[in-house]
Amino acid sequence: MSGNGDFSPETLDKTWVKQKGHCLGCGKQLVKKNRGNQKRGCWEAHHSKARQNDGSGHTNNCVILCCSCHKKIHPKDKYGNTRTLSVRELQEINKYRPGGDSLINTLLGIFRD
């Protein structure tokens with residue numbers, strides 16, 4: 001989702017700090033000022049639980065994903081239907097990315113605390 005959605009600037013800041021400026025999907029370092037654009041380090045805020053399923057705009061429902069992972073989390077099938085993957089499913093897809101595993105596990109540890 002481009003734009004602000006329903007995440008407040010405070011929620012975005014808290015999530016950014018919690019994830020240490022890294023994509024929760026692949027571990028890529030992001031650039032805070034590049035939200036929603038296609039520049040290097042671009043990122044999007046994503047609702048873990050979709051808004052249409054009563055997902056809130058609170059920090060516990062916000063994850064930061066690089067633009068590539070955000071696009072992957074909303075794939076379309078051959079009929080053009082969109083299905084939203086869970087962050088866990090996205091991480092499984094990205095699991096075999098060289099160097100991604102240890103950072104993803106570190107970030108997952110942050111969310112388990």
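Please treat every number below as a calculation from the coordinates, not as lab data. Bear in mind that the values here come from a model prediction, so they are computed numbers and not experimental data.
Over 31 Å between C-alpha atoms is what I'm after, so list which of LYS18/LYS78; LYS18/LYS71; LYS39/LYS76; LYS33/LYS78; LYS32/LYS78 land there. Write out the running numbers ahead of the final one.
Working: LYS18/LYS78 36 Å; LYS18/LYS71 22 Å; LYS39/LYS76 24 Å; LYS33/LYS78 34 Å; LYS32/LYS78 34 Å.
Cα-Cα > 31 Å for LYS18/LYS78; LYS33/LYS78; LYS32/LYS78; rest within.
Across region 40-97, how large is the tail of the calculated P(r) beyond 15 Å, expressed as a percent of all Cα pairs?
Working: 878 of 1653 pairs.
Of all Cα-Cα pairs in region 40-97, 53 percent lie more than 15 Å apart.
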